[in-house]
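Down below is the structure, laid out as C-alpha cells.
The values are calculated or read from the model by the stated rules, or taken from the named source; none is laboratory data. As the structure is a prediction and not an experimental result, all values here were calculated from the model. For neighbour counting, all protein chains shown are included, and Cβ atoms are generated from backbone atoms with ideal geometry for every residue, glycine included.
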Amino acid sequence: MSPRNKENIHHRAKTVEEVRRCFDCDRSMRGKRTTYLYTECGLNSVKLTNVLVFECECGAKVPELLDIEGLHMLIAVDILQKNSLLSADEIRFLRKSAGLSQSELAKIVGVHSTRVSKWESDDGHIGKNNDRLLRAYCLFGMLRQIVNGSDGQEMVGMLTAAKFIRTVDVRKIFETIKDRKSASKVVSVTAQGENDSGGTGAAWVLPTSNPDATVGRRAIN
C-alpha cells in the first residue's frame, strides 16, 4: 500500500470517529457519521445523512453541523417544491427563512396577524392563493438575504443566488400545488466531508441529480 493511500485511510478514520467532552456529564463522547433527525430546525421531518454525531453514555446526542445557513437554505428549497399545501411547521420555517415576523408576513399577504399565527398552529386553512404568495415571497426573501450577505461580498452572494434559483422551477411548483393539506414533507439532506465535495467546498447536498442543488461552506457564510 502506498504512503498516500495509508494517509487517506488514516484521515478517513479520524473523520469517521472523533472524541469530544460531553457538556452534560463531562464524559467522553465518540462521534460517527450516521443519519440524524434534525428536529432543532423546527421540523420533525428533516433527516441529515452522513452527518457526524457525537453520543454519550448519559444519552446526550450532538450533531456537528457546518454551514447551518446553507443547510436551512437547502431544506427550504425542498419544501418550496412540495405539491400540496404547506403544513404549520413548514409555514413557520419558511417565514423565518425569509427573515419575517408574523406581523410582517401578515401585511405582505394582506391578512390579520392572528391569521398567520393560526396557520402556524395548524388552527386555520392557508388556502392555495396564500400558500403561493407565501412561497413566492419567502423565495424572494431568501435570495435577498443571500445577495445582501453579512460578509459584504456582493459578488459571492450574487453567484450563490444564481446557483440557488436554478434549483427551483417556480412556474412548475405553482402549477402543481394541490389545494389539500398534508403532513410536512420528508426532507433528506446529505452532509459532505472534505473528500466527498469534489473540491467544490460544498457542505450539504440534496439527493438529486441536479448538480446545482448544493450549498458551499464559503458561499453562504
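Just one of the listed residues (Leu43, Leu80, Leu52, Leu86) is surrounded by 17 or more Cβ atoms within 10 Å (Cβ to Cβ), among the aliphatic types (A, V, I, L, M) and under 11 Å from the mean Cα position of the chain (by Cα), and it is Leu43. Across the range 86-121, what is the total count of residues that are touching a Gly at 6+ places or on another chain (Cβ under 9 Å), at pLDDT below 90 and more than 25 Å from Thr176 (Cα to Cα)? Count: 2.
Answer yes or no: is there a residue in the range 65-76 that is assigned to a loop (DSSP other than H, G, I, E, B) and crowded, with 17+ Cβ neighbours inside 10 Å. Checked against the condition, which is being assigned to a loop (DSSP other than H, G, I, E, B) and crowded, with 17+ Cβ neighbours inside 10 Å, the range 65-76 yields at least one hit. Out of curiosity, is Asn83 in contact with a Leu (Cβ under 8 Å, 6 or more places away or on another chain), at pLDDT 85 or above and closer than 28 Å to Lys96 by Cβ? No, not satisfied.
The number of residues in the range 97-117 that are in a helix (DSSP H, G or I), surrounded by fewer than 18 Cβ atoms within 10 Å (Cβ to Cβ) and among the hydroxyl-bearing types (Ser, Thr, Tyr) comes to 4.
Residue check, Leu85 against (1) of a type in the set (A, V, I, L, M, F, W, C); (2) touching a helix residue (DSSP H, G or I) at 6+ places or on another chain (Cβ under 6 Å); (3) without any contact (Cβ under 8 Å) to a residue 60 or more places away in the chain, all met but one. Which one? Leu85 satisfies all of (1) of a type in the set (A, V, I, L, M, F, W, C); (2) touching a helix residue (DSSP H, G or I) at 6+ places or on another chain (Cβ under 6 Å); (3) without any contact (Cβ under 8 Å) to a residue 60 or more places away in the chain except (3).
Candidates are the residues of the range 9-49 that are part of a helix (DSSP H, G or I) and of a type in the set (Ser, Thr, Tyr); the one that is modelled with the lowest pLDDT is Thr15.
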